[in-house]
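Take a look at the structure set out below.
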Amino acid sequence: MNKRAFILAFAALAAGPALAADPATIDWSKIPVVKVPLFYPGQSSYEWLRSDAHKGAVKEVMRGDACLSCHDEEDAEKDIGNKLVKGGALEPTPVKGKDGHKDLAVQAAFDDKNAYLRFQWKTQNNFPGSEHQYLRFDGKEWKVYGYPKLDKVVQEGTQPGIYEDRMSVMIDDGKVPGFAQQGCWLTCHDGQRDMPKQFTKEEVEANALLTAIKKKDVRKYLPESRTNPSDWKTGKSVEEIAKIKAAGGFVDLIQWRAHRSNPVGMADDGYVLEWRLGDAGKDMFGSNADKETHQPKFMWDAKKVGYKSITAKQLRKGDHFLIREKNAVPFDPKAGWKEGDMIPDYIVSREDAKGSAADNNAIASWKKGMWTVVMIRPLGLTNDDDKALKAGGVYNVGFAVHDDNITTRGHQVSFVRTLGLGAKADIQAVKLP
């Protein structure tokens, strides 16, 4: 991300709620750095961990041993990732040139109001993954252009690989059984997108739980939300799940997105229980496609940015964010559109972000192949869909990075670590003066 984009993101952040500390001026050289190795997991899932394919480790998994109790040797994550990414039983659709591992530098600080989590990692590409899919005019209709690299249309070469970079954090306060030992593998299951035995449309439409919560696919879920944890179809009732949530039996999921949240200085806020859900309120991003006409809802304001659309030749040659309150105007279907004209498929807005979904701020920059992302999480949140971070608290955390125009399981992930706010842990947050 260039200097102009960083300034834009920080200005958006400054326009939001007042912060106790200025995250742009924290002296991070005085904050300890913890190197957390990430690795490519392929299609390893909750079910795979509990199968004979897990090379004799089933007994250990079933009795609740931690992944790190076996994978504790140096470079374990690197070896696993480099093997899986090449293809095989756990990766039926390998992505050419994909990194098998990645080192994530993590730092943490806090004051009386916020926790500040700083992440740095080298990107696989020599450009920031700050673009997402587009709506492209083919001369008659507007159609989605650009897909993540695991999608068949990209693998076959009929669509380009376009997807934003992401930095994700899962947080458990000790109330989710097994998360401290097996982390995000509790949320990753067969049947989900890009996983073995992927759901069918008919299965989803016939499923009582997904119908009740109005979902059209299968995403992350926790074992406690199913009568059979290894079968996504066996969802408990909405009432039973509500009781689990009220008891804190969910994991928080914070996602920083290079295209859909960073331009307005935010990171979105969600959680995982019966599905990968957004917090109450409204996210900072939304679809820019009209459900009825499939035309864009907004286009760039040519008076402000000099153009109303771009073409494929302009990809990765600028900051192509469509921000409702900054550079967007309502779409004009009579504006003389030509084949190849493209407008972002998502519109972003800090002004429209509301409620618990709008809790998290963030700033980020990309320089010489490295992202630096600082997430700002308020302490002591009381929303029923948040894990409340408090001074003296210790939390189980898992990290993931998506880059190289990919999504779903195409990320690099970590085994579980602990985060302590002024308390002993793998990652100890330093109290700011």
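The values are calculated or read from the model by the stated rules, or taken from the named source; none is laboratory data. The structure displayed is predicted, hence computed values, not measured ones. All Cβ positions, glycine included, derive from the backbone under ideal geometry; neighbour counts span all protein chains shown. All accessible areas refer to the heavy atoms of the entire protein, side chains included, with ligands and DNA or RNA removed. Shrake-Rupley method; radii C 1.70, N 1.55, O 1.52, S 1.80 Å.
Points worth noting:
- Residue-wise HN-Hα coupling along the range 169-183, computed from phi with Karplus coefficients 6.51, -1.76, 1.60 (Hz; x: Gly, Pro): 10, 9, 10, 10, 9, x, 9, 9, x, x, 5, 4, 9, 10, x
- Spin-label model, ASP65/GLN198: points 7 Å from Cα along the beta carbon direction are separated by 3.4 nm.
- The chain, accessible surface, carbon-and-sulfur percent (1.4 angstrom probe): 51 percent
- Solvent exposure of the range 254-403 as accessible area per residue, Å², 1.4 Å probe: 40 Å²
- Karplus-based coupling profile of the range 228-235, in residue order and whole Hz: 10, x, 8, 9, 4, 6, 9, x, with θ = phi - 60° in 6.51 cos²θ - 1.76 cosθ + 1.60 and x standing for Gly or Pro.
- Positive-end ranking of ALA267, THR234, ILE244 along the dipole of the range 219-271, with charges on Cβ about the Cα centre, is headed by THR234.
- Over the chain: helical MRE at 222 nm, DSSP H runs n ≥ 4 each giving -39500 (n - 2.57), nearest 500: -3500 deg cm²/dmol
- Distance violations [Cα-Cα > 22 Å] among LYS243/LYS390; LYS220/LYS243; LYS152/LYS214: LYS243/LYS390; LYS152/LYS214
- Under 5 Å, built H, 5+ apart or other chain: amide partners of ALA267: ASN360, ASN361, ALA362
- Other-chain or far-sequence residues with amide H under 5 Å of TRP371's (modelled H): TRP121, THR123
- Label-to-label distance, THR93 versus GLU325, with points set 7 angstrom from Cα along the beta-carbon direction: 3.9 nm.
- Simple label model, 7 Å out from Cα along Cβ direction - GLU73 to ASN228, nm: 3.6 nm
- With Cα atoms as the point set, the range 66-161 shows a radius of gyration and Dmax of 19.1, 58 Å.
- Across the range 207-220, computed HN-Hα scalar couplings (Karplus, 6.51 cos²θ - 1.76 cosθ + 1.60, θ = phi - 60°) run 8, 5, 5, 5, 5, 5, 9, 6, 10, 10, 8, 10, 10, 3 Hz from first to last residue, x flagging Gly and Pro.
- Shape annotation for the chain: C-alpha extents along the principal axes are 65, 56, 44 Å, from largest to smallest.
- Computed with a 1.4 Å probe over protein heavy atoms only, the accessible surface of the range 89-176 comes to 41 Å² per residue.
- Considering only ALA180, ALA280, ALA267, the Gaussian network model of the chain with Cα springs below 10 Å gives its largest mean-square fluctuation to ALA280.
- √(5λ) per eigenvalue of the Cα gyration tensor, the range 194-258, largest first, Å: 19, 18, 12
- Here the dipole of the chain is about 960 debye; that uses its Cα centre as origin and unit charges on the Cβ of Lys and Arg (positive) and Asp and Glu (negative).
- Pairs from LYS291/LYS326; LYS297/LYS338; LYS59/LYS236; LYS78/LYS387; LYS291/LYS354 whose Cα-Cα separation, in the structure shown, is over 19 Å: LYS291/LYS326; LYS59/LYS236; LYS78/LYS387; LYS291/LYS354
- The chain: most fluctuating residue of ILE323, ILE213, ILE406 per GNM, C-alpha cutoff 10 Å: ILE213
- Eligible aspartates and glutamates near LYS313 by straight Cα distance, threshold 12 Å, same-chain separation 8 or greater: ASP341
- Per residue, the convex hull volume that the Cα atoms of the range 368-433 enclose (Å³): 142 Å³
- Bridge orientation summary for the chain: considering DSSP beta bridges with both residues in this region, about 90 percent are antiparallel.
- All aspartates and glutamates inside 12 Å of LYS149 as judged from Cα atoms, apart from same-chain residues fewer than 8 positions distant: GLU164, ASP194, ASP403, ASP404
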